[in-house]
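The values are calculated or read from the model by the stated rules, or taken from the named source; none is laboratory data. What you see is a predicted model, and the numbers here were worked out from it, not measured in a lab. Neighbour counts are summed over all protein chains in view; Cβ atoms, including those assigned to glycine, are modelled from backbone coordinates with ideal geometry.
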């Protein structure tokens, strides 16, 4: 689907949902009116709002049809329900601890989910770690408090929470406010809000993430937000730290947390990694591992979970040189960019733009950040995401931390809307400086200047004897204050003393009067051949589970001509099972050949399954479709004679005849995406599908 | 080295260490005597003990020389220090959070460690999951309390701890007792213990793991054990739970733990997995993931850590049929088995025994357990462990849990002695029964009998009306008690009533008198076509970190003729980097060709490094030796002419000349162990090493 098509579809789905929600309200008001609990005016107002929403839906429908030629769209909810049903039925995912009633925010990967996750993770390792020569590390999830104090997580890794004053149930304050604001600007309040009120609600909705605790509390009160389900009063909001807390060792005196991200493990190892890299910049380190966030009330199913796999990269470079040696290889790629300008503009949609142009025009801050945007774009394509539904959204100025230079989220479109699946941020030297300050270990690099530089320096030499006589017990504090003087301060002292005066000096809140001769301050010209500096870091950070979920949605379809036959169109690279091997009939001699083919595929590292159930071929294909198996090998009596078998591709259902001994290498090449099906179809003789298939 | 050689070496190392320790004691006593703090008698006794230990060492030395032809052995400690030094210098491992002073029991894997771990884990997945068609799952580490209550971990996953009464420092009670007992039977106490005392200490030493809390406390008192370092008094021992505790969700009312093993995630999913497998037994599920144990005082460096990667298999089968369809493929393998009989016997050493023979002779309880012993043996060999230093030790009866049928540890010999790296246990139906009882969800399988069976059953039909009249409000309790009667109890009631009754019945601690006619108890013959049963589970469980550490030790050696050039002889499969690419000289045209070779290797998924430092070839080889890189490709001016390069094998330092375009496929085959170096050396022309190498 085109990018525009995807956006129009999203808009249409939103309109359909608004109509559905308003329909519910009308029905419930009508029932209330019957019982005398609501008046006719309220019902009429709600019906009027419903009519307006239907007009909007019709407009969106027309725009969508015109752009895509399609007649309609399934509602997001029903599409999502179908996908999740297919995922849970075939054990791609399983709510964790199901026999004990499950715990929100935890999911298991069952056999096919586990396999696809392993494939995508290995693809990530090949695409980033191997091809970029990154230094991969693996650090523990259990992390002592001091590390996360340095990173700021102990103080600031919080969401605002409100509690139901009667039941004690916990809710995210921002989520409740957002829902209340949506009801206002979608006209679902009784009576519906006026034009101005709606605009105010819409404006506030866009800024909910930025509100401080007091503003948030005031807004909740203003919009009369109560606890969902119970309708009880809510507490005022307060920050809740999202880290899981534990205690390390038996004494109980060492607080630990489960890491909320894998990045910190790389930062604390920076010195060793730089040394390992021959003390040369730039270099990148990477880590794949689990991170933990104790979400207040996890919703959105697989998208917001409490334990999840991250793949993070920290690319260290010179703060004044963010060029990338391989930038040329991605400069002509044109991913969908949703820049700040486009977000603030009229159309509000992402547009394709060559990365070379984006850097030259200052849209993306530097080559390295753009390089990783390009590599991420290629990775998404490689694992099988629909490139038209992958965009890079730049953070607005107020979304970024004060130290960040530029940030872009890789957003993938799915039934939940545009979802952040990776974040790419130029974090300047913030992280290394924070750990240097806390650990007192200098996390810096050294550069030798191309040519030695002459630099003016100011040397401050306190006269300890004179100071001791003048200030006795306070001499030490005065000396320290002198040594800590900034250039301006030192020059002022120098001037005062040269004018013959005493000079004044602040130290520890007191003012001292320095007699002449108590300090020697000199300007000197020095020759410097190099210097230490704190490298900048550019951080691409991926959420593997979110990528997988979007991949599931992008891959799901119904087989044409069959109402209830779902298929996942996984790329051979990602597919959990690469091939199913069928004996055409349930006969011992065919089973034996099938077993030999399967063993040969296994030796080539290709996950495969033999189906000897003796079901019809059509039924057996349906089972492999549900798992998204890209290829099927059918062994028949001809196989026993000439040593060939039928190879069928899942989406086209096209079939060719291939020699058995060529199968492992052929499927290996298809799986590694070194060969396409079109190529295979051109090389081997085609074979008609058996009549019984459908 | 032969198995016997390894054991003699271990015995010799122990003797060397005893001498070294006693030497320290003598020196410290002599110093004390000088200061008047020890008397001459004590010094003389200690010297006498030292003499005896030296005699023992000499005997062990002779036995070792005779068996191996080698002249001596490095002490374990110095060997280990060399290995750990090489590991930390090249960032195979890094103590975690080093810039903050580290935390005991946590290690990072740096770049080469991470790569080798990923290779070994992928090899495990290929060897077990793919080749055995196992169902892999991935479950969260954060686990709600109820799951671990069911498994018994909340109650029983403890070590006994003692604290220093003054400092509060924590120690493992068993470790302190063991150290004290070793001092006694090695004659390091003052005065040295008599023969009988030594024997008693040695006997107790063998049983420390089995002592209850009271016995352990009594033994600590008897041997006068004090806190190490401080010499302070110790508390009585008490159980300390080794699980990291946390809280799930914001309310703080849901206790969670970090899982101490991955196995429970498989058990709770048993029903879904059985269904996924078409409701057929046997099948196996597997999980690779991190587990957590909050050790009291982690010692033994990399062997006892608080966060570690496990790879666990749960093989579910019929409790009365533990045959394995592929057992024939391992029946003639003869791994070193250290059976109960051999452990109780005179020689106390493991012997090779064909697995077929071991099962037939009842040494190993069943085919499935023996099959996994065979597969584990093959896996150890495949990743590069020395098979002579891998043995399977059977648990003694008292070591096994009451429900276990048979258990074997895969022990690998290293400088810490024989270390458990995998455990293989027939756990009967224990785990599934425990989760069935706690969750009330039936975790069972169904079997259809080959032929329907006629079974006698006893039907108990309470007469509700009669019971209501007789017992009023208590009728419900009486009815329940009747329905819960065991066969024997029901027959007794039946007999009493048939004899004209009343019959007595216990319910809720009270005795009731049942009048005739209040219950009908009948013997019936029923035709059963099948039944539900709880499958048995056979569990092979691997500690990936321990396997890696032993692999590091088994792979470490010093290059002959070079004092300080350490090498890791990693197999090409495990090696973190498969090849280094060298331009012979630092020239642009050679660098460009080297870069092209490197890119081609990367595309083939082969981790490689280019070294353009321009150091001497010898120096460059030394760097690759330290990382255990198995192959080196050197590009020279001939390469530019005829498109060939030199390929060198690490351990033999033999070189051949290979066409550049054949290199990726050739190295891929070598890495996958589908081809040997001998084979390659036979195919390609040999080339003499350049003079500058050494």
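Restricting the stretch A:242-257 to residues that are at the interface with chain B (Cβ under 7 Å from one of its Cβ atoms) and within 28 Å of the chain's Cα centre (by Cα), the residue that is farthest from residue B:102 (Cα to Cα) is A:244.
As a summary of the residue check, residue B:521 satisfies the conditions (1) under 14 Å from residue B:458 (Cα atoms); (2) surrounded by fewer than 19 Cβ atoms within 10 Å (Cβ to Cβ) except for the one numbered (2).
Considering only residues that are part of a loop (DSSP other than H, G, I, E, B) and either within 22 Å of residue A:117 (Cα to Cα) or in contact with a helix residue (DSSP H, G or I) (Cβ under 8 Å, 6 or more places away or on another chain) (or both), which ones fall in the stretch A:318-335? Don't jump to the end; show me each part of the working.
In the first step, residues of the stretch A:318-335 are kept if they are part of a loop (DSSP other than H, G, I, E, B); the result is A:319-320, A:322-326, A:330-335.
A:322, A:323, A:324, A:326, A:330, A:331, A:332, A:333, A:334, A:335, listed by residue number.
On the basis of being in contact with a strand residue (DSSP E or B) (Cβ under 8 Å, 6 or more places away or on another chain) and crowded, with 24+ Cβ neighbours inside 10 Å, does residue A:390 make the cut? Lay out the reasoning, then the answer.
Values: in contact with a strand residue (DSSP E or B) (Cβ under 8 Å, 6 or more places away or on another chain): yes; crowded, with 24+ Cβ neighbours inside 10 Å: yes.
Spelling it out, residue A:390 is indeed in contact with a strand residue (DSSP E or B) (Cβ under 8 Å, 6 or more places away or on another chain) and crowded, with 24+ Cβ neighbours inside 10 Å.
Going through (1) without any contact (Cβ under 8 Å) to a residue 12 or more places away in the chain; (2) more than 11 Å from chain B (Cβ to nearest Cβ); (3) over 19 Å from the mean Cα position of the chain (by Cα) one by one, residue A:343 falls short only on (1).
In this structure, does residue A:214 turn out to be under 21 Å from the mean Cα position of the chain (by Cα), outside the structural domain of residue A:46 (by TED's automatic domain parsing), without any contact (Cβ under 8 Å) to a residue 12 or more places away in the chain and more than 30 Å from residue A:287 (Cα to Cα)? Here the answer is no, as residue A:214 does not meet what is asked.
In the set (1) at positive phi; (2) surrounded by 18 or more Cβ atoms within 10 Å (Cβ to Cβ), residue A:302 fails one condition alone, (1). Scanning the stretch B:271-308 for residues that are farther than 15 Å from residue B:136 by Cα and outside any loop (DSSP other than H, G, I, E, B) gives B:291, B:292, B:301, B:302, B:303, B:307, B:308. Kindly list the number of the only condition in (1) out of contact with any helix residue (DSSP H, G or I) (no Cβ under 8 Å at 6 or more places or on another chain); (2) more than 14 Å from chain A (Cβ to nearest Cβ); (3) surrounded by 24 or more Cβ atoms within 10 Å (Cβ to Cβ) that fails for residue B:315. Looking at each condition in turn, residue B:315 falls short on (1). Looking at this structure, is residue A:237 over 15 Å from residue B:306 (Cα atoms) and either more than 10 Å from chain B (Cβ to nearest Cβ) or more than 22 Å from the chain's Cα centre (by Cα) (or both)? Criteria met by residue A:237.
Take residues that are at pLDDT 85 or above and closer than 30 Å to residue B:366 by Cβ and tell me which of the helices (runs of 4 or more DSSP H) falling wholly in the stretch B:473-580 contain 1 or more. Before the answer, list the steps.
Values: elements: B:475-483, B:487-498, B:544-555.
In the stretch B:473-580, the matching helices (runs of 4 or more DSSP H) lie at B:544-555.
Inspection of the stretch B:283-297 identifies no residue that is crowded, with 20+ Cβ neighbours inside 10 Å, away from chain A (no Cβ under 12 Å) and either in contact with a strand residue (DSSP E or B) (Cβ under 9 Å, 6 or more places away or on another chain) or without any contact (Cβ under 8 Å) to a residue 60 or more places away in the chain (or both).
Please note which helices (runs of 4 or more DSSP H) are completely contained in the stretch B:37-133 and include at least 3 residues that are more than 14 Å from chain A (Cβ to nearest Cβ) and surrounded by fewer than 19 Cβ atoms within 10 Å (Cβ to Cβ). Give the steps one after another, and end with the answer.
Working: elements: B:40-68, B:76-89, B:111-124.
Result: B:40-68, B:76-89.
Conditions tested, residue by residue: (1) crowded, with 18+ Cβ neighbours inside 10 Å; (2) closer than 21 Å to residue A:586 by Cα.
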site	(1), (2)
A:620	yes, yes
A:628	yes, no
A:635	yes, yes
A:649	yes, no
A:656	yes, no
A:659	no, no
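Report yes if some residue within the stretch B:604-618 is more than 34 Å from the chain's Cα centre (by Cα), surrounded by fewer than 18 Cβ atoms within 10 Å (Cβ to Cβ) and more than 27 Å from residue A:129 (Cβ to Cβ); otherwise report no. Yes: one or more hits.
Suppose the filter is in contact with a strand residue (DSSP E or B) (Cβ under 6 Å, 6 or more places away or on another chain) and either more than 14 Å from every other protein chain (Cβ to nearest Cβ) or loosely packed, with under 14 Cβ neighbours inside 10 Å (or both); does residue B:334 pass it? Before the answer, list the steps.
Working: in contact with a strand residue (DSSP E or B) (Cβ under 6 Å, 6 or more places away or on another chain): yes; either more than 14 Å from every other protein chain (Cβ to nearest Cβ) or loosely packed, with under 14 Cβ neighbours inside 10 Å (or both): yes.
Answer is yes for this residue.
Filtering the stretch B:134-158 to residues that are in a helix (DSSP H, G or I) and either surrounded by fewer than 22 Cβ atoms within 10 Å (Cβ to Cβ) or more than 7 Å from chain A (Cβ to nearest Cβ) (or both) leaves B:145, B:146, B:148, B:149, B:150, B:153, B:154, B:155, B:156. Exactly one residue out of A:303, A:355 is at pLDDT 95 or above and more than 14 Å from chain B (Cβ to nearest Cβ), and it is A:355.
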